[in-house]
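Report on the following structure.
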Amino acid sequence: MEQVVIIGGGQAAASAARTLREEGFEGGVTILSEEAYYPYERPPLSKAVLQGAADANSTCLLGEEAARSQNINVRLGQRAEAIDRDRKVVKLASGESLPYDRLLITTGSRARTLDGAFAGKSNVFCLRSLDDAAALKAAMVPGKHLLSIGAGWIGLEVAATARKMGMQATVVELADRLCGRSLPADVGALLAEVHSEQGTVVHLNTEIESVGGRDRIETVTLSNGQTLQVDVIVVGIGAIANDALGRDAGLETANGIVVDEFLRTSDPNIFAAGDVAAMRIGEGRPARMESWANAQDQAAAAARNILGKEMPYAVNTWFWSDQYDLNIQMIGNIQPEGGSVLVRNGEGKAFTRFSVADGRLVGAICFGAPRDMAIIRRLMSKGYLVTDDALATAPELRKLL
Ligand SMILES: Cc1cc2nc3c(=O)[nH]c(=O)nc-3n(C[C@H](O)[C@H](O)[C@H](O)COP(=O)(O)OP(=O)(O)OC[C@H]3O[C@@H](n4cnc5c(N)ncnc54)[C@H](O)[C@@H]3O)c2cc1C
């Protein structure tokens with residue numbers, strides 16, 4: 001094998017390229033990125049970068065110098081338009097055809113947008129890229145009012161950052177709780193309390209009925225009858241997999257490019273990893289994971305399998321979010337069917353919530369208790385047997401190791 005081509009230039013691409021070199025691959029490694037920047041990580045975009053506490057350069061994962069020293073050819077501003085599987089080439093927007101022996105698709109996902117009255121308005125933003133973050137940051141002015149549409153992770157983090165910057169912040173959410181797809185109801189309710197204590201107004205079970213303004217949206221009328229004056233609107237209503245390239249090439253897709261546990265698509269020469277990959281485990285439905293840790297580890301696993309290592313991906317479910325001074329971390333199965341929950345209270349509002357299934361620790365949420373996570377990882381990897389409520393009551397969690 002001589003040429004590995006990676007489409008997409010984000011977290012997964014950087015991890016895969018680096019792993020190929022670490023594993024001793026000496027052939028060509030090319031990253032094709034449609035963006036103008038060397039691969040960077042996105043989590044700071046809604047946090048430190050938006051707030052101005054970190055600059056854009058601090059997000060870089062694989063800079064020019066590092067790429068050169070590892071002989072990784074990063075081609076910026078190059079959008080892959082099509083994959084010709086018979087000829088094993090990637091077609092670029094420029095008309096060039098780039099040959100590959102193995103191809104890795106890491107095209108990630110894009111922010112879901114709102115059309116209709118929201119389309120083309122100058123104060124409506126979404127947040128996915130460095131450019132999005134720069135545009136949003138420029139609009140965030142202390143004293144002004146920011147509205148987050150959607151109480152998912154990004155909408156909540158942006159609202160928290162806005163409050164930290166001295167803005168007014170409101171969150172509007174259709175569902176009856178925060179982060180409904182990923183947080184259990186009890187934890188969502190506690191997170192809502194944190195937001196209201198910090199002065200963010202959260203409207204649950206609420207729709208936007210109408211908006212006012214011409215080039216900008218100036219007022220928003222909610223289904224609860226309230227009308228808000230707004231200055232900046234952030235749409236945080238989820239992400240859509242960038243899987244069209246795979247679908248058009250005839251690869252199996254199902255809300256993402258379907259891969260097996262070796263990250264192989266339905267074409268054995270093509271792999272996928274990160275936000276775009278929908279992994280099938282056993283008989284289950286293929287599932288996408290949108291997280292930093294998954295992009296990092298899944299892409300490294302894909303790189304090893306490209307090199308023929310035949311190592312199934314051990315799913316990394318770790319996720320974190322920072323809102324105000326609160327750090328939330330999650331791992332494993334946090335809502336096990338038929339399982340139970342043990343809660344260890346920390347200082348103030350902090351707690352760690354353990355999930356137990358069949359007598360074993362299978363997952364946890366650390367709410368303002370980041371130091372517990374390292375211990376939990378080790379307890380879970382050891383298959384910790386929960387025989388009493390020591391997880392909740394032991395004076396020191398690490399003593400259980
Ligand atoms: C604002 C924000 C905050 C986040 N915060 C957290 C957090 O706190 N914790 C956490 O665990 N996760 C967080 N995430 C999620 C995490 O960043 C993603 O899961 C991760 O970036 C996925 O990496 P990826 O490489 O699969 O995709 P991406 O990082 O999205 O990279 C894909 C790249 O491919 C490019 N591309 C797409 N199509 C083509 C094409 N045809 N040709 C060439 N290039 C193409 C895209 O432009 C992009 O540069 C956050 C995400 C965002 C947006």
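What follows is calculated from the coordinates using simple rules that are stated; it is not laboratory data. Please read all numbers here as calculations on a predicted model, not as lab measurements. Virtual Cβ from ideal backbone geometry, glycine too; neighbours counted across all protein chains shown.
Tabulated data for the structure shown
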item	result
Cα-based Kirkwood hydrodynamic radius, segment 113-235, one decimal, Å	14.5 Å
Links that overshoot a 23 Å alpha carbon limit, given the list K137/K349; K47/K349; K47/K382; K91/K309; K137/K164	K137/K349; K47/K382; K91/K309
Radius, Kirkwood style, for the chain when every pair of distinct Cα atoms is counted (Å)	22.6 Å
Among 358-369, 184-195, 210-221, the order from most to least packed when residues are scored by Cβ within 10 Å on average	358-369, 184-195, 210-221
Per-bin percent of Cα-Cα distances, segment 213-342 [5 Å]	2, 9, 14, 16, 14, 10, 10, 10, 8, 5, 2, 1, 0
Relative pair counts by distance (%), Cα atoms of segment 93-166, 5 Å bins	3, 12, 18, 22, 14, 8, 7, 7, 6, 3, 1, 0
For segment 90-131, convex hull of alpha carbons as volume per residue, Å³	136 Å³
Note, ³J(HN,Hα) from phi for segment 273-287, Karplus 6.51, -1.76, 1.60, rounded to Hz, x at Gly and Pro	7, x, 4, 7, 8, 10, 8, 9, 10, x, 8, x, 6, x, 10
Amide hydrogen neighbours beyond the local backbone of T253, cut-off 5 Å, H modeled	V258
Hz values of 3J(HN,Hα) by residue in segment 7-14 - Karplus curve (6.51, -1.76, 1.60), Gly and Pro given as x	9, x, x, x, 4, 5, 4, 4
5 angstrom amide H check on F125, placed H, neighbours 5+ away	I233, V234, V235
Where a label projected 7 Å from the Cα of N269 along Cα→Cβ would reach, residues of segment 13-45 with amide N under 18 Å	27-32
For segment 325-400, with +1 on Lys and Arg beta carbons and -1 on Asp and Glu, the positive-most of G383, G363, A394 along the dipole	G383
Kirkwood Rh and Cα Rg combined as Rg/Rh, segment 258-401	1.04
Given charges at Cβ of Lys, Arg, Asp, Glu: the chain dipole, positive-most of N269, Q3, V232	Q3
Straight-distance crosslink candidates among aspartates and glutamates, where the alpha carbon sits under 14 Å from K144 and sequence neighbours closer than 8 are dropped	E218, D231
Computed [θ] at 222 nm, helices only, for the chain once each DSSP H run of length n ≥ 4 contributes -39500 (n - 2.57)	-6500 deg cm²/dmol
With 10 Å bins from 0: P(r) over segment 325-400, alpha-carbon pairs, percent	21, 60, 19, 1
Alpha-carbon Rg with Dmax, taken over segment 52-181, Å	19.6, 58
Taking all pairs of distinct alpha-carbon atoms in segment 29-71, Kirkwood radius in angstrom	11.4 Å
Shape parameters for segment 220-282, alpha-carbon atoms, Rg then Dmax in Å	18.8, 56
Under 5 Å, built H, 5+ apart or other chain: amide partners of V202	V171
